[in-house]
Amino acid sequence: MNALKKLFGGNTRQFGMIFALVALIVFFQFATEGRTLTPGNVINLFNGNSYILILAIGMVLVIIAGHIDLSVGSVAAFVGVTVALAIRDWGIPWYLGILLGLALGALIGAWQGFWTAYVGIPAFIVTLAGMLLFRGFNQFVGKSNTIPVPADFQYIGSGYLPEVGPNTGFNNLTLLLGLLGVAFVVFSELRARRTAKALGAEVPEGWVVVTKLVLVCGAILYATYLFATGRPGTSFPIPGLILAVLVLIYGFISSKTVVGRHVYAVGGNRHAAELSGVQSKKVNFLVMMNMAILAGLAGMIFVGRSTASGPFDGVGWELDAIAAVFIGGAAVTGGVGTVIGSIVGGLVMAVLNNGLQLLGVGADLTQIIKGLVLLIAVAFDVYNKSQGKRSIIGMLTQSFNRPTGGTPLQPDEVTSTKETISREA
Amino acid sequence: MTSLDTHSDPVILEMRTITKEFPGVKALADVNLRVKAGEIHAICGENGAGKSTLMKVLSGVYPYGSYTGDIVYQAEVQQFKDIRASEHAGIVIIHQELALIPELSITENIFLGNEPVKRGVIDWAEARTRTRELLARVGLREDPETPVKEIGVGKQQLVEIAKALNKSVKLLILDEPTAALNESDSQHLLDLILGLKGRGITSIIISHKLNEIEQIADSITIIRDGKSIETLDVKADGVDEDRIIKGMVGRTLESRFPDHEPKIGEVLFEVKNWTVGHPQVQDRMVCKGSNFFVRRGEIVGFAGLMGAGRTELARSVFGRSYGRFITGSIYKNGKELHLKNVKQAIDAGLGYVTEDRKSLGLNLLDDIKTTTVSAALHKISKHFVVDTNKEFTVAEQYRKSLRTKTPSVEEGVAKLSGGNQQKVVLAKWMFTDPDLLILDEPTRGIDVGAKYEIYGIIQQLANQGKAVIVISSELPELLGLSDRIYTIFEGAITGVVDKDDASQESLMKLMTSARKTA
């Protein structure tokens, strides 16, 4: 146990999160008699959850800054329908459609950011209003119809890395991506260790680093193998690629840039931040705006995946995203949370969903189990905090931000019931 | 010297060989405390010495089983499992941060969790009557229906005591009761504690204000580094402040202020006709046409009672972070500055160390290194990307030069003692390299040893040619530290006195009366 803890930086919570995810995967792998870790299922899992995970990235920043965003599902739906209409009726090409969607997201974000940051209305209220507003807009603009999108637009939601180069029996681009991921992990871990040593900070023992690298790289390579050996025509999915890039970018922004620091500062103690020269209104505005842009992106990916925009797209997404963030260790009071933690939190939910589905558990029981998992995860966190330990999953970033790399760390994903529900609706 | 001879006085409380450990730290090691019934017993020690921990053990915040040793109270070994249990036994603790609910009235606060019930319904008439009696006992003339947020800190403290009395307290523990009070409120509170003693209530008081302890305590237990060092009998041993300090720091402080030869240059910073309106209350001015200047290398004190407008003045100058309808002009090196926000103020070379460390000065979720660089991130970043190696190096450098006591700069600031937190805050502002640094109550809630070090840091800053403003409620501190002192009364500057001409009496006169000279 101690040795394991050392591997993950000695932080119980962070250890717990990763451990829970791995345990879930192993459990379902056995329970489903090997149907969990098959290329088809893993690809499916990724495709079915990437948009929720993208929302979780924006949501964690909102929650770190001390707010919440309830409108993301409606915003995603509104952006989705507008882009679908623009492509169908105005005949604009798919890339202009995406740009239009992002711009519309930014505009909506500016609207919500204005009320939250500059007028000072709690984000809960602003986005509750937004939830109604943009759902209404979605149905008004789309006349509550289903609007199909062309095949080239569907690529962002359901495309795969193309086959290139010699026939190796694998998807070559996926292999390349996996190897790049491994190289990146090894390189950054070693570099971090070297600088820490040079600065005289504490470094973990050699065997810890080696074991950790072996485990992480093993996971990446295994995931690569699964993605590269899917049914012909499938490989690493495009939404997964978008997600991986976003995780890298936002992980970096939140932990390494001035803006990221300011978000944590405002959420941790707004007054102290202001008296240190942080312009908290600007920060709040940006955080809300960023969330809406990502919601727009998620909406477009979903439309691409489901080949059409509908009036009930995105119903309940905000709750999935918020749950992922809190399972991932963020604090309701703000100031605490990490991008990578939220992704792990989202994956826990996704794997759970997928595994239960494979086992043929009904939607009713699935919801009960998911509810309990959310409650227990946060209860665990609260208990740890009351014991005076630093439970904060924030440490995750320190040891795991880099290792994750460009490739998904965990070989798993689920088709969410949410999607099924909204399809049926 | 824990082996007290058995006196004839009955002992109400004895804590025997209390040991309390936190992960990695032994906060208390074999601490002994013996309190006689009906006395006022002071506990002195530097910040982080373990005073508050000891009181938390006593009051059940750290329940039985989480420490070792015995609590013998009224001749019985107690096993408090929470605060309710200790309150039930008559032990009430009043924390430094008051535990009142601002929106509720005095009555509601006093009876919170203890409401008088008649046939299942709260009997407010009864509650009000009893509140009136309790308020009379603590000498507070306020309507029991007044919301607590509308009365000052001093009066809130009295409400806390009334609340304790209502619980038929036998042993009252006061943690830094006068830290936030001005002199007259403090005096009133001390008199009240003496009065309670007359009625047979035993008090334990934790305070850094040694003059107060000398004034009211019967005996003093000194705690240093988690150990009980000695217990002094104030009258029999002829204890004075120097004697207490010697016990607390384990050595005699030659002087409470480091020697300092000021090197004062030309006027660096000047404020003219500064007027500030209250942020909420219409037509109320918190600063009225203030004029002041600070020279290079000079430490200027601002003296005034609580609520006189010192903090308001400082914060409004510091990038308009307080108040509205601000008029007046600020000059630095003779050039006028137009500061619209804090960022511009920092860029213009101003720094402001807040009065309230925990709610305004620090993000308690942060660690030392992030806090150290948080006001000058641009200095360690390139293209908006923070260089975390530089961050570590900078924090490490300040940890060493300010001698911050911490295992590492990656430690959370919430875990540090007040003195060390203040050093981290100072480091944060020193790293912005300001020309003018305003320090608002820089040593509040900080123990004697750390105070001395912080005075040294302030003097060092002045020696580097920076202008320094120190706002303080403690006149001896201002007299010891400043080269020149402005006095403020009701938002107006009422006088300025050179160090050599100033005395506590002359300052106090200026702080409590309208303008005489300017």
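None of the figures in this text is laboratory data; all of them are computed from the coordinates on show. These figures come from a predicted structure and were not determined experimentally. Here the Cβ positions follow ideal geometry from the backbone for every residue, glycine too, while neighbour counts run over all protein chains shown.
Calculate the mean, over all residues of peptide A:193-199, of how many other protein chain Cβ atoms lie within 10 angstrom of the residue's Cβ.
The shielding value for this peptide is 2.
On average over all directions, what projected area in square nanometres does chain B have, based on the convex hull of its Cα atoms?
Average of the hull's projected areas for chain B equals 26.5 nm².
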Relative packing of peptides B:402-409, B:34-41 - highest average C-beta neighbours within 10 Å first: B:34-41, B:402-409
Return the Rg/Rh ratio of the stretch B:69-172 with Cα-based radii and a Kirkwood Rh. 1.01
Using only Cα atoms, locate the centre of the stretch B:385-452 and the centre of the stretch A:188-263, then give the distance between them in Å, rounded to an integer. 33
Within 10 Å of the Cβ of an average residue in B:363-375, the count of other chain Cβ atoms is 5
Count neighbours as other Cβ atoms within 10 Å of each site's Cβ, and list the trypsin sites (Lys or Arg not before Pro) in the stretch B:177-272 that are DSSP loop with at most 10 such neighbours. B:ARG199, B:ARG251
Ranking request for peptides B:310-317, B:154-161, B:358-365: highest mean number of other beta-carbon atoms within 10 Å first, then the rest in descending order. B:310-317, B:154-161, B:358-365
Relative to the compact-globule estimate 2.2 N^0.38 Å (N residues), the Cα gyration radius of the protein assembly as shown stands at a ratio of 1.06
Given the Cα atoms of the stretch B:138-249, and with Rh set as the inverse mean 1/r over their pairs in the Kirkwood sense, what is Rg to Rh to two decimals? 1.00
Size of the dipole of the stretch B:98-169 about the Cα centre, Lys and Arg at +1 and Asp and Glu at -1 on the beta carbon, nothing else charged, in debye to 20? 240
Spacing of the two label points (7 Å from each Cα toward its C-beta) at A:LEU128 and A:PHE19, in nm: 3.9
Report the net charge of residues surrounding A:VAL72, where surrounding means a beta-carbon distance below 10 angstrom and charges are Lys +1, Arg +1, Asp -1, Glu -1. -3
Taking the Cα centre of the protein assembly as shown as origin, work out the dipole magnitude from +1 charges on Lys and Arg Cβ and -1 charges on Asp and Glu Cβ, in debye rounded to 20. 1660
Which whole-angstrom value gives the distance between the alpha carbon centres of the stretch B:272-320 and the stretch B:170-184? 28
Kirkwood Rh for the stretch B:366-433 from C-alpha pairs, in Å, is 11.6
Helical mean residue ellipticity (222 nm; -39500 (n - 2.57) per DSSP H run of 4+; nearest 500) of the protein assembly as shown: -15500 deg cm²/dmol
Summing +1 per Lys or Arg and -1 per Asp or Glu among the other residues with Cβ less than 12 Å from B:PHE269's Cβ gives +1
What number in nm² do you get for chain A if you take the convex hull of its Cα atoms and divide its surface by four? 21.2
Order of B:SER228, B:SER321 - criterion: other Cβ atoms within 10 Å of each residue's Cβ, fewest first: B:SER321, B:SER228
DSSP bridge orientation in the protein assembly as shown - percent antiparallel, rounded to nearest 5: 60
If I model a spin label as a point 7 Å beyond the Cα along the Cα-Cβ vector, how far apart are those points for B:ASP242 and B:GLN215 in nm? 2.2
By how many degrees, 0 to 90 and rounded to 10, does the Cα axis of helix B:388-401 deviate from the longest principal axis of chain B? 70
At least 24 Å along the helix axis (C-alpha) and Kyte average at least 0.0, DSSP helices within chain A: A:12-31, A:39-64, A:94-113, A:123-141, A:172-199, A:206-228, A:238-256, A:280-306, A:339-358, A:363-386
Semi-axes of the stretch B:453-518's equivalent ellipsoid from the Cα gyration tensor, sqrt of 5 times each eigenvalue, largest first, rounded to whole Å? 23, 12, 10
Sorted by packing (mean other beta-carbon atoms within 10 Å per residue), highest first, where do B:51-57, A:338-344 land? A:338-344, B:51-57
Spatially near lysine pairs across the stretch B:397-509, Cα under 13 Å, sequence gap of 8 or more or different chains: 4
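Counting only other chains, what is the mean number of Cβ atoms within 10 angstrom of the Cβ of each residue in peptide A:261-269?
5
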How far apart, in nm, are two points set 7 Å out from the Cα along the Cα-to-Cβ line at A:VAL245 and at B:PHE384? 1.8
Of A:PHE170, B:ILE93, A:ILE25, which is farthest on the positive side of the dipole of the protein assembly as shown, counting Cα position, with +1 on Lys and Arg Cβ, -1 on Asp and Glu Cβ, and the Cα centre as origin? A:PHE170
